[in-house]
There are 2 protein chains.
Amino acid sequence: MPLKNQRILLASRPIGSPTLENFRLDTDDAPEPAAGQLLLEVLYLSLDPYMRGRMSAAKSYAAPVEVGSVMEGGTVARVIASRHPGYAEGDIVLSHSGWQRFALSDGTNLRKLDPAAAPVSTALGVLGMPGFTAYAGLLTIGRPRPGETVVVAAASGAVGSAVGQIARITGARAVGIAGGPEKCAFVRDELGFDAVVDHRAPDFARQLAAVCPDGIDVYFENVGGAVWDAVFPLLNPFARIPVCGLIAHYNDAPDQPTGPDRLPSVMRDVLSKSLTIRGFIQREFADQRPEFYRQAAEWIAEGKLRYKEDIVDGLENAPAAFIDLLRGRNFGKLIVRVGHTG
Amino acid sequence: MPLKNQRILLASRPIGSPTLENFRLDTDDAPEPAAGQLLLEVLYLSLDPYMRGRMSAAKSYAAPVEVGSVMEGGTVARVIASRHPGYAEGDIVLSHSGWQRFALSDGTNLRKLDPAAAPVSTALGVLGMPGFTAYAGLLTIGRPRPGETVVVAAASGAVGSAVGQIARITGARAVGIAGGPEKCAFVRDELGFDAVVDHRAPDFARQLAAVCPDGIDVYFENVGGAVWDAVFPLLNPFARIPVCGLIAHYNDAPDQPTGPDRLPSVMRDVLSKSLTIRGFIQREFADQRPEFYRQAAEWIAEGKLRYKEDIVDGLENAPAAFIDLLRGRNFGKLIVRVGHTG
């Protein structure tokens, strides 16, 4: 009896926030590997804010997912059949198999994982794309110096939690922004940030100013929205703003929002404070990945780099979990357990 | 009979565009140099857009001029009396003596000029702060590569003309934006830009796109305003935007203009195209000045770096000339001839 594949397809493009109707669960026979191919069983699927961009037809740094195609995504998978000389049955790999149970691969863009070195799910989080985004963006663009103040939002999330902890490792002060008392307590008590502010507080901007008495030298921008308005007046001369995400805007309509137009005042500050605003995608810094894997594993072993995973069971629950992610309802790196990982 | 000094004071802070009423001509006896001091006679006064910022009380990278004080400004001056061992009567220096005929100096922040090497007025333009702004901003932040497209507005002006010509020296394509047929002809025919577009043309944005068939890799931002809206959609991935001025906004009211709010769409492009927006003031790069003086003089001698001066006679005409500068009515580096330069 052939293996049954389950796949989650993009059913339609969302207008504003995605809904369950934008996704469709499809069931089919699992594919058979041809010569040179592997059959992969997905164990873990990563859910990340960037996927919202792939659901839209708008031009971005990557091509959109076509309507009717499998949703894209990073995955940890087990080789269950191999007709490829480089891989054996039972190997665990990082792959980009998307939102499905089984997938073929010709071996390109796979990375073998060592289950003895770290839980393999970390290859989707702290030891994967989000952790590397934090590492490369903070150290290459943000370049915090000892004693400087680094601010990051979504501080309990996959990227933000690593940004703040790496900032502290470099000797900078880490100030986190998170939503709700539970996340704030985690950022302060478990991750060891120097300060944390709840963006839901009515006096959020005032609180942020209070915990940044020397201003802000690096703002790692991964959310956009109202946080920006509170951060911007606090930026110091020569502050650096690595921009890796704008989750608050991912569901915006494509037309421009009503005013006031904030651009002129932002540009005036860019000029008068000699600010640097720099968008980036982690793969631009791919040559730093080997050093990141080595360094981050060491920091984890030393207890300096902690992480939290938010694991949802069952591929069929991925759409609802993704919708919640865009609303900030996850707590830690959001991962879907797809296959039998025991 | 003592020398009579003339000074132009800031009479009041402008609201919006400066008017003649914001300035006051004051006459007094020229000061006498004490031991260790020099008396300078100003020959040339530089008028530059940044001075609009100094007229406002708003926080910026430099302290404002106080109401009732002499307007600040870079000057070329002759030493007419010296009680300082380092300077002799007749020396020509670059100083920051402001909008006045005579000024004292204790010798700090002076630079001796060699009238045989270049016309001394060039120390206020192509061989001075505007030329160095172009050089440092373009080469250090813009970093054009051969074949890339560099766009600069106010291309017949002191900064813009140098930006485009230095871009061409590095092997990049230079596209200028200027106002009116006379300035456009100068940029194309005299300065040798690869293309020029008149921002007054009704189809300016379409014309700009037509002369940038491969997009824009470096936008040297020295004007702001409507030019930005035409440039922004044409930026290539990894484009760099050095920001040294926003003349179109200098007269804006301090409150935010009505919408639409362009900031979210700009930030989306920053992210999706990995753009770099970087404000700067040339003095940040002061350690590059010796190399600039050497290199720019060589380029001028070789005919690769041309310049145009717009000289207004008489200190009393400085306020009107400055008001016109902010309206783009100058043609070339605006300089006031204050003293007898013959």
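Some notes on this structure:
- Antiparallel content of DSSP bridges confined to the protein assembly as shown, in %, to 5: 55 percent
- Proximal lysines to residue B:304, defined as alpha-carbon separation beneath 28 angstrom and excluding residues fewer than eight positions away on the same chain: B:112, B:183, B:333
- For the range B:181-199 and the range B:92-164, distance of Cα centres in Å: 21 Å
- Percent of C-alpha pairs per 10 Å bin, chain B, short to long: 5, 25, 33, 24, 10, 3, 0
- Label point 7 Å beyond Cα along the C-beta direction, distances from residue B:192 to other copies (nm, shortest first): 5.9
- Ratio of the Cα radius of gyration of the range B:142-272 to 2.2 N^0.38 Å, where N counts its residues: 1.02
- Backbone N under 14 Å from the residue B:32 label point (7 Å along Cα→Cβ), restricted to the range B:1-22: B:1-3
- Here the sum of -39500 (n - 2.57) over DSSP H runs of 4 or more residues, divided by the residues of chain A, equals -6000 deg cm²/dmol at 222 nm, to the nearest 500.
- Antiparallel bridge percentage (DSSP; both residues within chain A; nearest 5): 55 percent
- For residue B:294, inter-copy separations between label points set 7 Å beyond Cα along the Cβ vector come to 3.8 nm, shortest first.
- Cβ-based charge dipole, the protein assembly as shown, positive-most Cα from A:315, A:40, B:99: A:40
- Evaluated at q = 0.20, 0.22, 0.23 Å⁻¹, the base-10 log of the normalised Debye intensity for the range A:252-326, with identical point scatterers placed on the Cα atoms, takes the values -1.00, -1.02, -1.03.
- A from B by rotation - nearest chain B beta carbon to the axis, in Å: B:259, 1
- Shape analysis of the protein assembly as shown yields a ratio of the Cα radius of gyration to the Kirkwood radius, Rg/Rh, of 1.06.
- Residues B:312, B:336, B:163 in ascending order of nearby Cβ atoms (within 10 Å, fewest first): B:312, B:336, B:163.
- Modelled this way, with points 7 Å down the Cα-to-C-beta line, the labels at residue A:316 and residue B:13 are 6.6 nm from one another.
- Semi-axis lengths (Å, descending) of the ellipsoid that matches the C-alpha gyration tensor of the range B:60-203: 35, 18, 15
- Working from label points 7 Å from Cα in the Cα-to-Cβ sense, the residue B:188 to residue A:190 distance is 6.5 nm.
- Between copies, residue B:314 shows label-point distances of 8.8 nm, shortest first, with the point placed 7 angstrom from Cα along Cα to C-beta.
Where a number appears in this text, it was derived from the coordinates with a stated rule and is not lab data. The structure presented is a predicted model; accordingly, all values stated were derived computationally and were not measured. We place every Cβ from the backbone using ideal geometry, glycine too, and count neighbours over all the protein chains shown.
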